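The values are calculated or read from the model by the stated rules, or taken from the named source; none is laboratory data. If you're wondering where the values come from, they're calculated on a predicted model, not measured in any experiment. Quick reminder, even Gly has a Cβ in these numbers, built from the backbone with ideal geometry, and neighbours come from all protein chains shown. Ligands, DNA and RNA are excluded from the accessible area calculation, which covers all protein heavy atoms including side chains. Shrake-Rupley method; radii C 1.70, N 1.55, O 1.52, S 1.80 Å.
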Amino acid sequence: MAIEEVFVGGAGLMGHGIAQVFATTGRRVVLYEPDVARAEAGRERIAANLDLAVRKGRIEATARDETLGRIRPTADTADAASSGLVVEAIFEDLEVKRAFWSDLDARAPAGAIFASNTSSISIDALAAAVAEERRGRFVGMHFFSPVPVMPLVELVRGTATSDETATSVRDLSADLGKRVIVSADRPGFIVNRMLMPFLAEAMRALEEGIGTAEDIDTGAKVGLNHPMGPLALADFIGLDVCKGIMDVLYEGFGEERFRPPRVLVELVDAGHLGQKTGRGFHEYRSR
C-alpha cells in the first residue's frame with residue numbers, strides 16, 4: 001500500500017525528527033500536539049534543521065521549502081482522517097499512549113497502519129487500546145535520535161501484527177534510508193535491553209565514587225572506543241526517558257541490573273533531565 005500522508009503524534013525530540021524524514025521523502029505530514037503551539041514549535045525545529053543542511057550544502061533551498069511545505073501542524077486528531085500511517089511518538093507512559101491510540105482508532109482510516117515509536121513498552125499492551133480488527137495493523141516502529149541521522153529502525157511485532165504490516169513497515173523504513181532490525185515484543189526490545197544496563201552500571205560507578213563523570217565517560221570513549229560516554233549519552237537521551245525505560249525493564253524482568261540507580265532518580269526528581277534542561281550528569285551552558 002502506497003502511503004502518501006502520515007499523521008505523527010508528538011512534535012518533541014523524536015516526533016519532529018520522524019516528521020522530517022517522512023516529509024523529506026515526499027510525503028505529506030500532519031504533525032500533532034494537543035497544543036497547536038507545540039506542534040508549530042516542532043515544525044520550527046524542522047525548519048532549523050533544514051536551514052543548517054542548506055548552509056552546509058547538503059540540500060538546496062528549494063528542497064528545504066518543499067519539505068516544510070508538506071508539514072502541517074495541528075491540535076486536532078480528526079486530521080488523521082486521510083492518513084495511511086499513524087506514528088505515535090509521545091511521552092513514554094502506557095496510559096497516555098493508550099488514550100492516544102483509543103482516540104485515533106475512532107478517527108484514522110480503517111486500513112491505516114498504526115506504528116508506535118515506543119522504546120520499551122509492550123506493543124500488545126498498546127494494541128489493546130484499539131479495536132480487535134485493527135490489531136493486525138499495529139506495530140512497533142522505533143526510531144533512534146537524532147532521527148534524520150540515525151540509520152536504524154527497530155521493528156517490533158505484536159502477537160497480532162500481520163506479515164503484510166511488517167513487510168509494509170520494513171519497505172517504508174528502507175524508503176526512509178533506514179536499516180531494520182526485528183525484535184520480539186519484550187521489555188526494552190533489543191537495543192535498550194542492551195543499552196540501559198550499561199548506562200545504569202556507569203551511574204552506579206559514579207554513585208560509588210569509583211570515578212568522576214568525566215573520567216567514566218572518557219573511559220568509555222577512549223577505552224571502549226564509544227563515540228559518546230554513557231553519562232553524556234544518558235543526558236542526551238533525557239534522564240527522565242532513561243528512568244522510564246529502566247522502570248519498564250525492572251517491572252518486566254524484576255532484576256536488580258535493570259533498577260534505576262539512586263543518582264538517576266534523584267536527578268530526575270530535582271528536574272535535572274540532561275541536555276534539555278541544561279544539567280544532568282554534566283552541565284550544559286547553552287540549551
Do you know which of the residues in region 230-256 that are within 16 Å of Arg204 (Cα to Cα) and open to solvent by less than 40 Å² (accessible area, probe 1.4 Å) is nearest to the chain's Cα centre (by Cα)? Cys242
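For every residue, the table says whether it meets (1) open to solvent by less than 10 Å² (accessible area, probe 1.4 Å); (2) hydroxyl-bearing (Ser, Thr, Tyr); (3) out of contact with any Phe, Trp or Tyr (no Cβ under 9 Å at 6 or more places or on another chain).
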| position | (1), (2), (3) |
| --- | --- |
| Ala112 | yes, no, no |
| Asn117 | no, no, no |
| Leu126 | yes, no, no |
| Glu133 | no, no, yes |
| Val147 | yes, no, yes |
| Thr159 | no, yes, yes |
| Asp163 | no, no, yes |
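Of all the residues that make up region 259-281, how many are in a loop (DSSP other than H, G, I, E, B), within 18 Å of Phe198 (Cβ to Cβ) and open to solvent by less than 40 Å² (accessible area, probe 1.4 Å)?
Number satisfying all stated conditions: 4.
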Can Ala174 be described as closer than 28 Å to Asp35 by Cα, of a type in the set (A, V, I, L, M), open to solvent by 20 Å² or more (accessible area, probe 1.4 Å) and over 17 Å from the mean Cα position of the chain (by Cα)? no
At least 2 residues that are within 19 Å of Ser119 (Cβ to Cβ) and open to solvent by less than 40 Å² (accessible area, probe 1.4 Å) in each: list the strands (runs of 3 or more DSSP E) lying fully within region 1-105 that qualify. 5-9, 85-88
Lone qualifier among Ala128, Ala37 - being of a type in the set (A, V, I, L, M, F, W, C) and either within 14 Å of Val21 (Cα to Cα) or without any contact (Cβ under 8 Å) to a residue 24 or more places away in the chain (or both): Ala37
Would you mind telling me which numbered condition in (1) surrounded by fewer than 20 Cβ atoms within 10 Å (Cβ to Cβ); (2) closer than 17 Å to Ile245 by Cβ; (3) in contact with a Lys or Arg (Cβ under 9 Å, 6 or more places away or on another chain); (4) not acidic (Asp, Glu) Met194 fails? (3)
With the checklist (1) out of contact with any His (no Cβ under 9 Å at 6 or more places or on another chain); (2) outside any loop (DSSP other than H, G, I, E, B); (3) more than 24 Å from Phe91 (Cα to Cα) in hand, flag the one item Glu214 doesn't pass. (1)
